[in-house]
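Let me begin by presenting the structure, written as structure tokens, before commenting on it.
The values are calculated or read from the model by the stated rules, or taken from the named source; none is laboratory data. Because the structure is predicted, anything quoted here is derived from the model rather than measured. Cβ placement follows ideal geometry from the backbone for every residue including glycine, while neighbour counts extend to all protein chains displayed.
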Amino acid sequence: MPEHGGDRTDDRSAGRSKLPTVDLITLLALAALWGASFLFMRVAAPAFGVVPLVAVRVGLASMVLLPLLLWQGHGAWLRTHATPLAAVGVLNSALPFLGFAWAALSITAGLSSVFNATTPLWGALIGWLWLGQRPGAAGTTGLLMGLAGVVLLAGDTLGLRTGTSDGAAAGAIVACLGATACYGVAAHLARQKLAGVPPLATATGSQLAAAGVLAVPGLWLWPAQAPSMQAWAAAIGLAVPCTALAYLLFFRLIARIGASRAITVTFLIPLFGTGWGALWLDESVTVAMAVAGAVILLGTALASGAVVRPWRSPSASPRDPAADR
């Protein structure tokens, strides 16, 4: 899930009113797209390999976003903010995309999407450790709940209750959590270094930077056997609707309803990720997975400030969440 850079709508101005129908539809469409990305990775990663797939993803996304950026006359931002855009591109696209593509080789799309929901949790934790943004009682409770949920989900995935651990699955879990940690760092970095940069410029610049970093490794590791048409279709689906189009929908939401409300897409992605996986890949959803996922989502919601404590004064302005995907 991308970060939104420094050009943020004041969330307080968005208010707590009922979400307009068009924005609700956009939110659901965005969650469906990002949930589908885990399905596409499961299909395409074995055929392409991890690095070539991500290189294709960011390369095609850049080809879609760059003409839009130039059409809007924002091309100069890529020059004036090249260094921070490159850093955000590595931390917000290249590394996390590699992590989730690697995980797709060993665990289900549904599991990856649930681990992805820890992104705001990492944002809150990194904001605390790096920037001294100490969470309140609800935030601390949320961090502990989120951690407990991750432990429960990891334990169930690895079969620790029965003593049968899977090394590949363990590596996949570490890759997912490393990816979401990168998202959390990138969100804070973007807020510090890319304030005032148009969101489309941040999205395009970060994808271009990721494509530049991965172009040579992607070609070097290109599979000897040509990927099938099904794998190419999945790769294109991952790059165009799930990356380029999703960025545009996300930034449109931020402009209309504010970042704090747009970030609620994080809590919808696991529903679509597990749903798509069950529908198209016959992936199972266990009771333990559902319970652990619910604990992670509730903890993340508390830690990120996406929910308001019932005893909190209604006049108090909501806290801006530390990160988003």
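Return the only residue of A124, A45, A61, A36 being crowded, with 24+ Cβ neighbours inside 10 Å, more than 17 Å from the chain's Cα centre (by Cα) and in a helix (DSSP H, G or I).
On inspection, the qualifying residue turns out to be A45.
Please identify the pairs in which a residue from the stretch 119-148 that is within 11 Å of G299 (Cα to Cα) and at pLDDT 80 or above has its Cβ atom under 6 Å from the Cβ atom of a residue that is among the β-branched types (V, I, T) and surrounded by fewer than 17 Cβ atoms within 10 Å (Cβ to Cβ), counting only partners at least 6 apart or on another chain.
Listed by first residue and then by second, the contacts come to nothing, as the list is empty.
Can you find, within the stretch 189-236, the residue that is farthest from W71 (Cα to Cα) among those that are of a type outside the set (A, V, I, L, M) and surrounded by 20 or more Cβ atoms within 10 Å (Cβ to Cβ)?
Our first condition is that a residue be of a type outside the set (A, V, I, L, M); within the stretch 189-236, this holds for 191-193, 196, 198-199, 202, 204-207, 212, 217-218, 220, 222-223, 225, 227-228, 230, 232.
This time we only want the ones that are surrounded by 20 or more Cβ atoms within 10 Å (Cβ to Cβ), so: 199, 202, 204-207, 218, 227.
Numbers: P199: 15, T202: 15, T204: 13, G205: 15, S206: 18, Q207: 17, G218: 29, P227: 34 Å.
It comes out as P227.
With V216, V240, V291 as the choices, which residue is over 16 Å from the mean Cα position of the chain (by Cα), in a helix (DSSP H, G or I) and modelled with pLDDT of 95 or more? Explain how you work it out, then say what you get.
Values: V240 fails: over 16 Å from the mean Cα position of the chain (by Cα); V291 fails: modelled with pLDDT of 95 or more.
Answer to the selection: V216.
Test of understanding: among T286, T274, T264, T300, which residue is modelled with pLDDT of 90 or more, among the β-branched types (V, I, T) and at negative phi?
Unique residue meeting the criteria: T274.
Look at F48 and say whether it is of a type in the set (F, W, Y) and within 30 Å of G299 (Cα to Cα).
no
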